[in-house]
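Presented below is the structure to which this report refers.
The values are calculated or read from the model by the stated rules, or taken from the named source; none is laboratory data. Computed from a prediction, not measured in an experiment: that's the story for all the values here. With ideal geometry, Cβ positions are generated from the backbone for all residues, glycine too; neighbour counts draw on all protein chains shown. Keep in mind that these areas ignore ligands, DNA and RNA; they rest on the heavy atoms of the full protein, side chains included. Shrake-Rupley method; radii C 1.70, N 1.55, O 1.52, S 1.80 Å.
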Amino acid sequence: MPQPRPAFSASSDPPLPFALPDIGEEEIAAVVEALRSGWLTTGPAAAAFEAEFAAAMGPGRHAVAVNSATAGLHLALEAAGIGPGDEVLVPDWTFTATAEVVRYLDAHPVVVDVDAHTLNIDLAAAEAAITPRTRAIIPVHFAGLPVDAAALADLARRRGLSVVEDAAHAFPAASARGPVGAGPSEAVVFSFYATKTMTTGEGGMVLTGDPDLAARVRTMRLHGISRDVFARYAAGAAGSSWAYDVVAPGFKYNLTDPAAALGRVQLRRAPAMRDARAATAARYDAAFADVSLDLPAQPPPGVEHAWHLYVVRLRDDAPVSRDEFIDAMAARGIGCSVHFTPLHRMSYWRDAYALSPAAFPRAQEAFGRVVSLPLSSALTGAQVDRVVDAVRDVLAGGS
Ligand SMILES: *Cc1c(COP(=O)(O)O)cnc(C)c1O
């Protein structure tokens, strides 16, 4: 019997998911090789991945692989000495992970409104929210557009804040001062979650220029087992390699070798994948110049955008609301998303910290309008054309 056509799709084309993974035969072969090698947990592939990632950032960088960016943010804050009662500045416009890691340490996130144009944390608002308990700031490079590196470093220096950058969207990206991941912040954390610009399925990387911070993250990522002590024992009498010491109650946040093997291939492909996303973003910019959309903030001269997300905002004169737009795109078989529902609208954060919409006027205003369109290095030209046609059709009033 013929299957009834699903009611949600008026399109004859197969559904185009919002986030299309970009995994090829090279990645598959690398994972198979890792499986055949016998190293299923953290081993030589993870070490090579760390070395290659650090090298991609420039000289003097330390990279520690972890099993998520959330884990990396937690470890970086722990290593920076954040503890009970401390306050940490975070943007309203982010994924909950940015704020939840602060609670892991019994510290308190202080949620700050964003810049209306970039949707990155408003550094003036952040400075105004500083109290005697404020210890750190976690800026998010939203969509892959770097936060103003000079202003961030200036704020941190003047007010004595530690900086842990949430760079989940920002590989590869660069501010006018150099690559995101190579600056003066205590730590920069990248995500290799399935939908991010490069992926290991689940995974992340902590970057720092501070060897002591790197050592602490390395120890705490694996149960607080001291590698130094381990190495000392192991270097001793043959047969003593079973010996290790535990120097702190650490966590289980290490990255596996099969995941690292996948990451090494994605890392090599990262510049080409970024160029593909940038080309799609430019195609969208040109195609939507004359419709009722505000287009994403462009990088200033000398700044490199990672183009993880392409976020448009519906104008008042658009014929549909944001929610109707997403439904109309779904009816055309095209998946869209919303980045983000601001923290102040999430019940836990709203209730625990008495967050009121009035305190976040710019995030509140943007939230009603934003839509993330499909953006992936795996999109074909025909798929991009299909998104363009669907957006133009919906905004022309097509139902
Ligand atoms: C995806 C994401 C994270 C979390 O990354 P994981 O690797 O899934 O832990 C953190 N912050 C932001 C802004 C993200 O988009």
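Values computed for the structure shown
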item	result
Cα lying deepest toward the dipole's positive end in the chain, options 184, 301, 213, charges on Cβ	213
Accessible area, probe 1.4 Å, largest first, for residues 23, 82	23, 82
Of 19, 279, 382, the one that fluctuates the most in a GNM where the chain has Cα springs shorter than 10 Å	382
Potential lengthening between residue 117 and residue 286 on full extension [0.36 nm per residue; Cα-Cα distance subtracted]	58.9 nm
Accessible area per residue, Å², the range 147-227 with all protein chains present, probe 1.4 Å	35 Å²
Using distinct alpha-carbon pairs, which all enter the 1/r mean, Kirkwood radius of the range 108-193 in Å	13.0 Å
104, 244, reordered so the largest accessible area comes first (probe 1.4 Å)	244, 104
Gyration tensor (alpha-carbon) shape descriptor, the range 1-140, a/c threshold 1.5	oblate
Shape call, the range 60-171: gyration tensor on alpha carbons, a/c limit 1.5	rounded
The range 308-378: trypsin sites (Lys or Arg not before Pro) in DSSP coil with no more than 15 other Cβ atoms inside 10 Å	315
Gaussian network model of the chain, Cα within-10 Å springs - most flexible of 96, 118, 131	131
The chain: calculated mean residue ellipticity at 222 nm from DSSP helix runs of at least 4, using -39500 (n - 2.57)	-11500 deg cm²/dmol
Residue 68 accessible area, 1.4 Å probe, all protein chains in place, Å² to nearest 10	30 Å²
Enclosed volume per residue, in Å³, of the convex hull spanned by Cα atoms of the range 297-399	150 Å³
Sulfur and carbon atoms: percent of accessible area, the range 1-150 [1.4 Å]	61 percent
Relative counts (whole %) of C-alpha pair distances in the chain, using bins that are 20 Å wide	26, 55, 18, 1
Residue-wise HN-Hα coupling along the range 76-86, computed from phi with Karplus coefficients 6.51, -1.76, 1.60 (Hz; x: Gly, Pro)	5, 5, 4, 5, 7, x, 6, x, x, x, 5
Fraction of accessible area attributable to carbon and sulfur, the range 241-357 (%, probe 1.4 Å)	54 percent
For the range 160-216, share of DSSP beta bridges that run antiparallel, in % to the nearest 5	60 percent
Rh (Kirkwood; distinct C-alpha pairs) - the range 87-240, Å	16.7 Å
DSSP-defined beta bridges in the range 82-147 - what % are antiparallel, rounded to 5	10 percent
Per residue accessible area of the range 258-307, 1.4 Å probe, in Å²	40 Å²
Computed accessible area, residue 196, all protein chains, 1.4 angstrom probe, square angstrom	50 Å²
Beta bridges per DSSP with both ends in the range 1-150, % antiparallel, nearest 5	10 percent
Cα convex hull of the range 247-312 - mean projected area over all directions, nm²	8.2 nm²
Cβ charges +1 (Lys, Arg) and -1 (Asp, Glu), total dipole of the range 42-174, debye	300 debye
